[in-house]
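In what follows, a structure is listed as structure tokens, so that the remarks can point back to it.
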Amino acid sequence: MDNLGLQVERVTKRFGSGDTEVVAVRDVSLVVNPGEVVLIMGPSGSGKTTLLLMLGALLKPTEGSITLDGLELSAMSERKLPDVRLRHFGFIFQDFNLLSALNVLDNVAFPAELTGVSRRTAREKATAVLTELGLGHRLRFPPDKLSGGEKQRVAIARALINDPTLILADEPTANLDSSHGHETMRLLREITQKRSRSVVIVSHDARIKDIADRVLWLEDGQFMKAIEMATDPICGMAVEREGAVAGVREGETYYFCAKGCRDEFLAS
Amino acid sequence: MTASPVFAPFRAVASAVRLAFRNLLQDRLRFALSVVGVGLSLMLILFLIGLRAGALRSAVVYLDNAPGSVGVFPPGTKSTSAGSAQFLAPETASAVASTPGVARVTPILLTLGLADLHGKKEVIKLIGYDAALGGGPWSLKQGREPVADDEVVLDRVLAGRHGLRVGDTFEIGGRRPTIVGLSSETSSWTGSYVFALRTFVEAVVLAPGGASFLLVTPEPGTRISELSARLQTLEGANVVLKGEVMANDREAVAGIFDRVLLLMVGAAFIVGALVVGMVIYTATNERRAEYGILKAIGAPGGVLYRVVASQAVVAASIGAVLGVGFAYGMGWLVMAARPQFMVIIEPTSIAVALAAGFVMALAGALFPARAVARLEPAEVFRR
């Protein structure tokens with residue numbers, strides 16, 4: 001195993017001590033490969049957000065280690081972490097959390113400016129990312145004039161601007177209707193796969209399972225089961241490998257939504 | 001994307017300042033109110049300092065325009081501020097005049113008195129002088145200097161307040177002199193100047209031939225220090241350089257003014273700092289989530305402090321400039337309505353006010369910056 005991507009090894013997070021001790025995350029291990037999209041689901045209070053905070057270097061684990069591209073985040077000093085977050089992570093939030101005083105372009109350019117690049121370079125790069133996300137016509141708009149889907153696309157552009165290794169999304173579809181939520185996540189998947197960037201999404205929204213390569217179920221701070229996802233090569237539908245119709249061609253296993261698709265595939 | 005390490009810190013600062021500007025301008029009404037609040041506080045500071053400067057100037061305006069560079073006072077006296085409790089004998093004036101190196105001696109009889117002007121008592125500084133030796137009004141705006149005992153030159157502002165004109169009479173010290181001239185630059189809130197011949201004032205204070213002090217003009221080429229030393233040997237003479245007398249007069253007025261002034265300036269400063277602080281604190285609190293986002297995405301603490309501090313500095317700087325304008329306006333209004341109050345806004349006062357504005361900004365930004373420092377970036381995930 002090389003050092004690229006995210007590696008979480010036996011991470012535990014405890015809050016409080018003695019009688020008041022709460023174990024939010026218990027002995028969790030996880031590897032997210034470059035270009036992989038992982039969806040973490042689970043009931044409220046299962047430890048999803050705590051895990052996300054630790055993955056994003058916003059909270060230190062009590063035990064275990066978290067490594068991103070060879071950098072052991074869990075061992076780093078607090079002083080170094082902001083710079084790591086700025087350059088190695090992209091964050092997408094449930095409430096979009098755009099800066100209300102800045103227009104779309106400046107919202108996206110701001111994190112790039114924080115890395116020290118010139119304002120012009122930052123704005124050029126922001127324009128390119130926003131255009132790629134279909135917001136080239138909204139550059140000068142204030143955030144409050146955008147629809148929810150547009151706001152979340154601006155947030156995605158902001159998360160991508162510094163070309164991070166890992167994008168962390170916290171309930172990114174919670175404030176979007178189902179069609180916009182799904183469309184936005186598909187866009188996120190497309191753009192991150194093109195750049196070979198990893199994405200970890202924490203969500204209750206089962207409708208976005210199909211954009212993930214893997215779905216992990218977290219309960220009581222532990223991963224209970226991993227749902228491996230696959231795309232039906234005939235109809236393009238996302239299917240859970242477990243329980244899907246499988247077919248083998250030239251030694252490789254494919255997964256289908258129905259026998260019809262499998263038969264059509266094997267006959268082609 | 002690479003960043004030049006040399007310019008990187010400056011660019012990060014520029015970004016923070018830009019964000020601060022945008023944050024401030026987003027709510028223009030609040031921004032305008034904060035700027036006006038700071039402006040009014042600084043106006044009050046500048047106005048009070050200007051009033052003090054005017055009072056100090058008024059305290060020495062007579063000596064500044066009178067002849068001579070050395071003063072001879074009765075023993076124990078070294079300023080003109082309280083008028084005269086003792087007088088110099090005529091022999092002292094003669095002795096001074098015959099001292100080598102003395103070109104001219106100007107005897108002045110000064111007394112503080114109450115003039116009855118249309119049934120209203122007014123404090124005046126009555127100056128008795130010899131027309132031939134100088135020490136009279138230096139800026140006559142109307143009429144002439146007195147030539148007879150029952151004639152006076154009255155301060156123009158005082159005359160205007162009571163509707164007195166050249167040719168009118170008023171009562172002072174049981175006498176009723178005629179106004180023959182009106183002078184300018186002789187008004188003061190501690191008492192306006194009235195000029196009369198020394199013989200008139202002698203009769204008022206019952207000190208024939210006496211003088212409150214002598215103003216000595218040295219002969220050309222005479223060293224003032226040497227002349228002072230010679231005069232100091234004369235019996236009953238307290239020799240003080242005119243510059244020192246003026247400094248003493250200023251000090252006497254400052255002694256009355258400064259404690260109250262300091263309190264008022266301090267209060268104005270605190271109000272200004274609170275205005276800035278309140279505005280920046282509420283603006284920061286409203287954007288708590290946004291600052292949390294910035295922290296979460298990796299903005300270092302320094303950038304956030306700069307955003308908060310820049311907001312305060314921008315508001316205070318614009319407020320300070322406004323305050324200077326307000327202070328000039330206020331000074332003009334006060335001097336137009338009450339000419340006896342002189343307000344002098346000096347460049348140093350403006351510098352002090354601008355510095356005060358900057359310190360206000362920093363003081364005002366202190367609590368908001370602490371609030372930002374304590375902000376947990378993880379909070380934005382836990383809603």
Restricting the search to the range B:174-193, which residues are crowded, with 20+ Cβ neighbours inside 10 Å and either in a loop (DSSP other than H, G, I, E, B) or in contact with an Asp or Glu (Cβ under 7 Å, 6 or more places away or on another chain) (or both)?
-> B:177, B:179, B:180, B:181, B:183, B:185, B:186, B:187, B:188, B:191, B:192, B:193
Looking only at residues in the range A:117-147 that are of a type in the set (Gly, Ala, Ser) and in contact (Cβ under 8 Å) with a residue 12 or more places away in the chain, which one is farthest from the other protein chains (Cβ to nearest Cβ)?
-> A:134
Identify, from the list B:126, B:46, the residue that is buried (at least 23 other Cβ atoms within 10 Å of the Cβ), in contact (Cβ under 8 Å) with a residue 24 or more places away in the chain and not in a helix (DSSP H, G or I).
-> B:126
For the range B:140-165, name all the residues that are in a strand (DSSP E or B) and closer than 19 Å to residue B:201 by Cα.
-> B:151, B:152, B:153, B:154, B:155
Check whether at least one residue in the range B:167-181 is within 29 Å of the chain's Cα centre (by Cα) and touching a residue at least 24 places away in the same chain (Cβ under 8 Å), and report yes or no.
-> yes
Residue under evaluation residue B:132, criteria (1) without any contact (Cβ under 8 Å) to a residue 40 or more places away in the chain; (2) under 20 Å from residue B:191 (Cα atoms); (3) hydrophobic (A, V, I, L, M, F, W, C), criterion not met = (2)
Quick one: how many residues across the range B:69-88 are surrounded by fewer than 21 Cβ atoms within 10 Å (Cβ to Cβ), modelled with pLDDT of 85 or more and touching a helix residue (DSSP H, G or I) at 6+ places or on another chain (Cβ under 6 Å)?
-> 1
Can you tell me which residue within the range B:347-360, out of those that are in contact with a helix residue (DSSP H, G or I) (Cβ under 6 Å, 6 or more places away or on another chain) and of a type outside the set (A, V, I, L, M, F, W, C), is surrounded by the fewest Cβ atoms within 10 Å (Cβ to Cβ)?
-> B:349
(1) crowded, with 21+ Cβ neighbours inside 10 Å; (2) at pLDDT 90 or above all hold for residue B:115 apart from (2)
Considering each residue of the range A:18-62, count those that are at positive phi and not hydrophobic (A, V, I, L, M, F, W, C), and give that number.
-> 6
How about the range B:232-348: which helices (runs of 4 or more DSSP H) wholly inside it have at least 1 residues that are away from chain A (no Cβ under 14 Å) and of a type in the set (Phe, Trp, Tyr)?
-> B:242-286, B:301-337
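The values are calculated or read from the model by the stated rules, or taken from the named source; none is laboratory data. For clarity, every value in this text was computed on a predicted model and none was experimentally measured. No Cβ is skipped: glycine too gets one built from the backbone with ideal geometry, and neighbour counts run over all protein chains shown.
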